[in-house]
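The values are calculated or read from the model by the stated rules, or taken from the named source; none is laboratory data. This structure is a prediction, so every number in the text was calculated from the model and none was measured. All Cβ positions, even for glycine, are placed from backbone atoms using ideal geometry, and neighbour counts span all protein chains on display. We work out accessible area using only protein heavy atoms, side chains counted, and drop any ligands, DNA or RNA first. Shrake-Rupley method; radii C 1.70, N 1.55, O 1.52, S 1.80 Å.
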Amino acid sequence: MKDESIIYLDYNSTTPVASEVVSAITESLQRDWANPSSASAAGHRARETIHRARAAVARLVNAADAADIVFTSGGTESNNMAIHSTVEWGRQFITTPHVVMSNVEHVATVEPVRRLADKGVISYTEVAVNSDGCLEAADVVAAVKPDTVLVSVMMANNETGVVFPIREIARLLKRVNDSCKHKVWLHVDAAQAVGKLPVDVRYLQVDYLTIVGHKFYGPRIGALYVHRNLGAPVTPVVWGGGQEAGLRPGTENTPMIAGLGQAATLVVDNLQTYTDTMRNTRDYLVKQLQEQTGCVVNCCQSPRLPNTASMSWSQCTLSGSELLAQCPTLVASTTAACHDQTQLSSVLLASGVPENLAYSTIRLSVGRETTCADIDKAVEELVKALKQTTSTESSISS
């Protein structure tokens, strides 16, 4: 249910749970209380709920086989599973496997890679995005070495909204693999893309893909697509029972899995409407802020998510966090939710945003239900806050 007391423009951080998803979870809590591994009729009923949800998530990303969907606790676990699985596979024949990623990845990718490197298990290369925040496919593939086992890149950046050329990376990587002694696997963190853009694993030609429920109006669990028919290696990151085909031990959280399946179905049925609505609202937001405040839209020359705008003010003396603090009902962020909101964003700096603009940047991300009336209220608060700084007053309309 929408909270009328706030103007929520932080949908890249998290989304509310759709009412249909709440209903699916509630019904499953009441119906699917049995252990899905049980041989009882109640256990079979819970197991069938999981099967239906797995099929729904497979349809979401156009996976050929529902068995290629592994339910996880969320994006962090999914990323870790892809990274650790390929590294463990590579260590069978490479002393120190090599990993390639971009220099603007989410910490859920960066931290496991750096930790493995710190322990001497792997080496890695960070490929720089260009001056407008986009990753060049040729640069990614040029970073591949004879001992590379994995390329792990996001589909869309959570801060700038820039969409990366995944299919082109996969196409160029296939040429490399055709002449390699071993396979270089491609993992894509699609946390920000699912629910906003078409995400088709067969079209993209990826080996692993991370799905995060709470980014598309689902519960806070996730999934990892693994192209097992192609032989993509996958191993658990925790050990225990044989659930999820032995890949994710622990009794399944059936109600949350049911909720993820329902969230996936909503996207399958309504994606074009969601995308068009968010793009129209985002564009209205940008237009109003440009006309009334003279803002700068960061990375605007690159393809971007339809809901995301990274905005800066060249003459603003407030930091992004200070600016938002002056907006009592606006909920937004300056960087990723899991980062320190008071520090300059390394992602923005790496994406070609000058320090003075990075200092004043806020990230505004709209949702399915965001209205033009919401935008008008947000703009009104931002205009008022910007007028608090004398250096910007001359450029802000009354």
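Considering only segment 301-398, give the helices (runs of 4 or more DSSP H) lying wholly within it that have at least 1 residues that are modelled with pLDDT of 95 or more, touching a strand residue (DSSP E or B) at 6+ places or on another chain (Cβ under 6 Å) and open to solvent by 60 Å² or more (accessible area, probe 1.4 Å).
372-386
Collect the residues in segment 15-54 that are of a type in the set (Ser, Thr, Tyr) and in a loop (DSSP other than H, G, I, E, B), keeping them in residue-number order.
Residues satisfying the conditions are THR15, SER37, SER38, SER40.
How about segment 217-268: which of its residues are in contact with a Leu (Cβ under 8 Å, 6 or more places away or on another chain), farther than 16 Å from SER85 by Cα and part of a loop (DSSP other than H, G, I, E, B)?
TYR217, GLY218, PRO219, ILE221
Considering only residues that are closer than 26 Å to GLN205 by Cβ and either among the aromatic types (Phe, Trp, Tyr) or modelled with pLDDT under 95 (or both), which ones fall in segment 237-272?
Answer for segment 237-272, where residues must be closer than 26 Å to GLN205 by Cβ and either among the aromatic types (Phe, Trp, Tyr) or modelled with pLDDT under 95 (or both): VAL237, GLU244, ALA245, LEU247, ARG248.
Run down THR148, THR95 and say which single residue is farther than 22 Å from SER345 by Cβ, among the polar types (S, T, N, Q) and surrounded by fewer than 15 Cβ atoms within 10 Å (Cβ to Cβ).
Details: THR148 fails: surrounded by fewer than 15 Cβ atoms within 10 Å (Cβ to Cβ).
Residue meeting the stated conditions: THR95.
Answer yes or no as to whether VAL188 is more than 22 Å from the chain's Cα centre (by Cα) and not polar (S, T, N, Q). Even if it seems obvious, please write down each step before you answer.
Values: more than 22 Å from the chain's Cα centre (by Cα): no; not polar (S, T, N, Q): yes.
No; evaluated as a whole, the condition is false for this residue.
So is THR251 over 18 Å from the mean Cα position of the chain (by Cα), farther than 25 Å from PRO165 by Cα and surrounded by fewer than 23 Cβ atoms within 10 Å (Cβ to Cβ) or not?
Judged against the criteria, THR251 is a match.
Of the residues GLN272, GLN192, only one is surrounded by fewer than 15 Cβ atoms within 10 Å (Cβ to Cβ) and closer than 22 Å to TYR11 by Cβ; which?
GLN272
Is it the case that VAL286 is part of a helix (DSSP H, G or I) and either open to solvent by less than 40 Å² (accessible area, probe 1.4 Å) or not aromatic (Phe, Trp, Tyr) (or both)?
It is true that VAL286 is part of a helix (DSSP H, G or I) and either open to solvent by less than 40 Å² (accessible area, probe 1.4 Å) or not aromatic (Phe, Trp, Tyr) (or both).
Quick one: count up the residues across segment 27-72 that are open to solvent by less than 60 Å² (accessible area, probe 1.4 Å) and among the polar types (S, T, N, Q).
6
Go through segment 264-321 and give me each residue that's without any contact (Cβ under 8 Å) to a residue 60 or more places away in the chain and acidic (Asp, Glu).
Result: ASP269, ASP276, ASP283.
Could you identify the single residue in THR86, THR125, THR76 that is open to solvent by 20 Å² or more (accessible area, probe 1.4 Å), farther than 28 Å from VAL268 by Cα and modelled with pLDDT of 95 or more? Can you show your working first?
Numbers: THR86 fails: open to solvent by 20 Å² or more (accessible area, probe 1.4 Å); THR76 fails: farther than 28 Å from VAL268 by Cα.
Only one candidate passes the filter, namely THR125.
Of everything in segment 103-120 that's crowded, with 17+ Cβ neighbours inside 10 Å and of a type outside the set (Gly, Ala, Ser), which residue is farthest from HIS84 (Cα to Cα)?
First, the residues of segment 103-120 that are crowded, with 17+ Cβ neighbours inside 10 Å: 104-106, 108-110, 112-113, 116.
Retained after the next criterion (residues that are of a type outside the set (Gly, Ala, Ser)): 104-106, 109-110, 112-113, 116.
Working: VAL104: 20, GLU105: 17, HIS106: 16, THR109: 11, VAL110: 13, PRO112: 8, VAL113: 9, LEU116: 9 Å.
Taking the candidates together, the pick is VAL104.
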